[in-house]
Amino acid sequence: MAPFTSTPRRLRRRLGVALAGVCLVAAAGVWAPAAQAAPLGLLDVTCTPPSSSVTTYSPALTNSLQLVSSTVSYQFGPCLSTTGVTSGTAVLNNAPRQRSCLDLLGSASRTLTVTWDTGYSSTMALNVSATVVGAVLETVLTGTVTSGLFQGDTVVINQTAPAATILTCTAGLGTVASLYSIVALEVTSL
């Protein structure tokens, strides 16, 4: 009977040693210096719908080139933030230039300054990409905060708008005087 009792003891001893090793490995992972961990971005501010933008064109866009100015007004909020930001606004005035409704698609660069409800502002350098997917105009703005609150952070702004007036305009059957978009914004530190 001795051989049978010694086998469970050896097994328990080996399991104990193995368990101790697992605990040491787990503890080493928990106490590893932060410099060895992979960097994760921290979401500094996120604004969700009903955040929105309204773009107006003067005169209304047609499918023919003409001199057109535009204004984009943003209302961000509700927002959650590490700094207490709960909302923000921005206005982007674009000087008159030759435009048609085809200019609503494609890519461009923009500088946008958001004024937050805390009194601080963030200036963003953004790349804009717009496409029609089904019946929706999807516009994605990506870039960085170049100055002000959240300087150095990355920015992603997603805008969605109905594409019906754009499709009608590109077909030569209508004009685009304004666009209303639902907006989501994320500012993330590296």
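Observations
- Projected onto planes of every orientation and averaged, the convex hull of the alpha-carbon atoms in region 39-190 covers 8.8 nm².
- Orientation-averaged projection of region 84-128 equals 4.1 nm² [convex hull of Cα atoms, one quarter of hull surface area].
- Of all accessible heavy-atom area on region 45-149, the percent that carbon and sulfur account for (1.4 Å): 57 percent
- Sorting the Cα pairs of region 118-190 by distance into bins of 5 Å, from 0 upward, gives 4, 16, 19, 19, 14, 11, 9, 6, 3, 0 percent per bin.
- Per residue, the convex hull volume that the Cα atoms of region 46-95 enclose (Å³): 85 Å³
- Per residue, the solvent-accessible area of region 102-185 (1.4 Å probe, heavy atoms of protein chains only, all protein chains present) comes to 47 Å².
- Relative contact order %, region 63-159, counting alpha carbon pairs below 8 Å whose residues are six or more apart: 20 percent
The values are calculated or read from the model by the stated rules, or taken from the named source; none is laboratory data. What you see is a predicted model; the values in this text were computed from it and never measured. Just so you know, the surface numbers come from the protein's heavy atoms only, side chains and all, with ligands and any DNA or RNA stripped out. Shrake-Rupley method; radii C 1.70, N 1.55, O 1.52, S 1.80 Å.
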